[in-house]
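No lab work stands behind these numbers, since they all come straight from the coordinates. Predicted, not measured: the structure shown is a model, and the values here were computed from it. For neighbour counting, all protein chains shown are included, and Cβ atoms are generated from backbone atoms with ideal geometry for every residue, glycine included.
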Amino acid sequence: MDAARELDADQIVCEARRESLADLLTFVERACARAALDAATAFDVRLATEEVVMNVIEHGYAGMTPGPITLRIRREPHEVVVTVEDEAPYFDPSTIRPADPDAPLDRRSVGGLGWHFVTQLMDQARHERRHPHGNRLTLVKRLTHKS
């Protein structure tokens, strides 16, 4: 897989590499614009998606050849749904120790803060194992007013 492939307006597939991040984020921005999201909602969706995608790139495929990452975004009447799929080894985000963003820097543990932001920015974050291997993360942002 050499380049990002935007399969349709709602989905992109690319290799999970840092070099793919710009294509993935451009896709998110276009999807948010098509969904007519207000600026604050679009910002939250973009930031949460960026964090999840970077986790897949940096940690999901760590120590192995990067595989695919699939990103889907769809707008429902009252919410926006982002789905991120990979073929990396299974990872359970419930094993992440909750970060304490108020702790002094010298007392914070490494990691977990990004996941904390994702769960704060989005209204739901559901993780499931894909078979035979991989992960599917579904992020939901409720629309509190008509965007």
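Remarks
- Sorted by Cβ density within 10 Å, fewest first, the residues Phe27, Phe43: Phe43, Phe27
- Residue order, fewest to most beta carbons within 10 Å, for Val13, Val118: Val13, Val118
- For segment 5-142, the relative contact order works out to 25 percent when only alpha carbon pairs closer than 8 Å and six or more residues apart are counted.
- The ranking of Glu51, Glu58 by Cβ neighbour count inside 10 Å, starting from the fewest, reads Glu58, Glu51.
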